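Q: I'd like to ask some things about the structure below.
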């Protein structure tokens, strides 16, 4: 069950996320939106933007890193405020790597298990949807 504070935090993260995406250089924003929002494959994005798959992956990695950097202060303050004893993985980084098929199924299962147990990380994931 989500609390009013959790809902407010999710809205704040969503607003900062949207702002961070809008501030990206157009070549990074385009691949990020096509890949992560529209759900195109890296090959499809490469065809749309007229670049190689490697260039798309590089731009996507850079875009995600820039967005993550912009969100870090907000997410860090949330993390510092909570008192859970379990160390949280960087779920945003893991999700990024999962979308590019860079991590195996065992890491995915571990991440899913952690998110199921950790309200903080579940909220972070929800804010990315």
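Q: Taking into account only those residues within region 1-58 that are touching a residue at least 60 places away in the same chain (Cβ under 8 Å) and under 16 Å from residue 69 (Cα atoms), which is surrounded by the most Cβ atoms within 10 Å (Cβ to Cβ)?
A: Among residues in region 1-58 that are touching a residue at least 60 places away in the same chain (Cβ under 8 Å) and under 16 Å from residue 69 (Cα atoms), the one surrounded by the most Cβ atoms within 10 Å (Cβ to Cβ) is 13.
Q: If you take the residues in region 111-123 that are in a helix (DSSP H, G or I), in contact (Cβ under 8 Å) with a residue 12 or more places away in the chain and more than 15 Å from the chain's Cα centre (by Cα), which one is surrounded by the fewest Cβ atoms within 10 Å (Cβ to Cβ)? Before the answer, list the steps.
A: Residues of region 111-123 that are in a helix (DSSP H, G or I), as a first pass: 111-117, 119-123.
Narrowing further to those that are in contact (Cβ under 8 Å) with a residue 12 or more places away in the chain: 111, 114-115, 117, 119-121, 123.
Now drop any that are not more than 15 Å from the chain's Cα centre (by Cα), which leaves 114, 117, 119.
Details: 114: 17, 117: 11, 119: 15.
This residue is 117.
Q: Turning to a different aspect of this structure: Yes or no: residue 97 assigned to a helix (DSSP H, G or I), modelled with pLDDT under 75 and over 19 Å from residue 16 (Cβ atoms)?
A: Values: assigned to a helix (DSSP H, G or I): yes; modelled with pLDDT under 75: yes; over 19 Å from residue 16 (Cβ atoms): yes.
Here the answer is yes, as residue 97 does meet what is asked.
Q: Looking at region 81-91, is at least one residue within 26 Å of residue 23 (Cα to Cα) and either in a helix (DSSP H, G or I) or at pLDDT below 75 (or both)? If you could, list the steps in order and put the result at the bottom.
A: Initial filter on region 81-91 (within 26 Å of residue 23 (Cα to Cα)): 90-91.
Within this subset, residues satisfying the condition of being either in a helix (DSSP H, G or I) or at pLDDT below 75 (or both) are 90-91.
The answer is yes; a qualifying residue exists.
Q: In addition: Consider region 1-42. How many of its residues are outside any helix (DSSP H, G or I) and under 13 Å from residue 62 (Cα atoms)? Before you say what the answer is, go through the steps one by one.
A: Filtering region 1-42 down to residues outside any helix (DSSP H, G or I) leaves 1-3, 24-25, 38-41.
Filter once more, keeping what is under 13 Å from residue 62 (Cα atoms): 24-25.
Count: 2.
The values are calculated or read from the model by the stated rules, or taken from the named source; none is laboratory data. As the structure is a computational prediction, the values presented were derived from the model and not from experiment. Don't worry about glycine lacking a Cβ; one is built from the backbone with ideal geometry, like all the others, and counts go over all protein chains shown.
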